[in-house]
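Take a look at the structure set out below.
Read-outs throughout are calculated quantities, based only on the coordinates presented, and are distinct from any laboratory measurement. Everything numeric in this text was worked out from a predicted model, so none of it was measured. Ideal geometry is used to build each Cβ from the backbone, glycine not excepted, and the neighbour counts take in all protein chains shown.
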Amino acid sequence: MKLKARNIYQELKNFSNRKFLILIIPILLSACTPSETDIDTKSNEYIDISGFFKEEANRLNDLNASLEKSLNNGASNEIVLRTDVDWTEELNPFIDIDLNKPAYKNGYKIDTININSGYQIKYSSIDESLELKSVSIDFIKEQIQKIIVIHKKDNIYYLSKEELIYETGKSFHIKVRNELKTGKPIQFGITGTIISSNP
């Protein structure tokens with residue numbers, strides 16, 4: 001599943017060494033208040049996660065929300081503050097998550113778990129060939145509070161694991177670990193904190 005993160009590439013170019021970029025770019029290529037929109041969890045289709053993030057991007061753009069972003073490659077860390085944010089670009093890795101793609105049809109089992117004052121819906125892959133392994137969605141009063149996505153790709157060259165976490169109106173995290181078959185594991189992470197003057 002491809003992660004569209006052109007703005008992330010540019011920041012990493014200024015932040016990481018050339019060898020690190022050569023190794024992580026293929027991984028990327030392979031791969032604030034709660035929304036008022038109620039989510040239909042009773043449909044026969046999977047939840048429209050992509051649609052949720054498109055609405056989030058529009059909402060954050062309307063709020064002119066700022067972003068504090070931390071970039072970490074394990075050896076160094078850089079924090080940048082952005083006030084002119086294109087939230088559609090920033091949330092592209094999440095917008096690209098679409099469980100209703102034809103390739104995913106009948107590919108996941110669905111579990112519902114009661115948690116705290118809400119519940120969680122978890123989609124778990126039953127097809128080993130699917131790189132999108134699981135999606136967990138926490139709800140309170142039919143509104144999404146948190147989403148956790150796990151991607152995993154294993155081939156003769158490397159093992160790649162990606163974890164994407166979004167806490168509605170608060171923050172997002174992208175963690176990538178790439179373990180080359182003939183080298184040391186490489187990890188990097190991006191954490192974004194949403195800053196809004198209109199809670």
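List of remarks:
- In Hz, Karplus ³J(HN,Hα) per residue of region 82-95 (6.51, -1.76, 1.60; θ = phi - 60°; x = Gly, Pro): 10, 9, 9, 10, 8, 6, 5, 5, 4, 9, 3, x, 8, 4
- Dipole moment magnitude, nearest 20 debye, region 74-154 about Cα centre, only Lys, Arg, Asp, Glu C-beta charged: 400 debye
- Calculated from backbone phi, Karplus (6.51, -1.76, 1.60) coupling profile of region 161-176 in Hz, x at Gly/Pro: 10, 10, 10, 10, 10, 10, 10, 4, x, 10, 6, 9, 9, 10, 10, 10
- Pairs spanning more than 25 Å between alpha-carbon atoms, out of LYS101/LYS184; LYS105/LYS152; LYS69/LYS181; LYS122/LYS184; LYS69/LYS105; LYS101/LYS133: LYS101/LYS184; LYS69/LYS181; LYS122/LYS184; LYS69/LYS105.
- Note that region 55-62 has calculated 3J(HN,Hα) couplings of 5, 4, 4, 5, 5, 5, 5, 5 Hz, one per residue in order, obtained from phi through the Karplus relation 6.51 cos²θ - 1.76 cosθ + 1.60 (θ = phi - 60°); glycine and proline are x.
- Region 50-85 versus region 107-166: alpha-carbon centroid distance in Å: 22 Å
- Loop-resident sites, region 103-199, for trypsin sites (Lys or Arg not before Pro), counting at most 13 other Cβ within 10 Å (DSSP): LYS105, LYS141, LYS181
- Neighbour-count order for ARG59, ARG82, fewest beta carbons within 10 angstrom listed first: ARG82, ARG59
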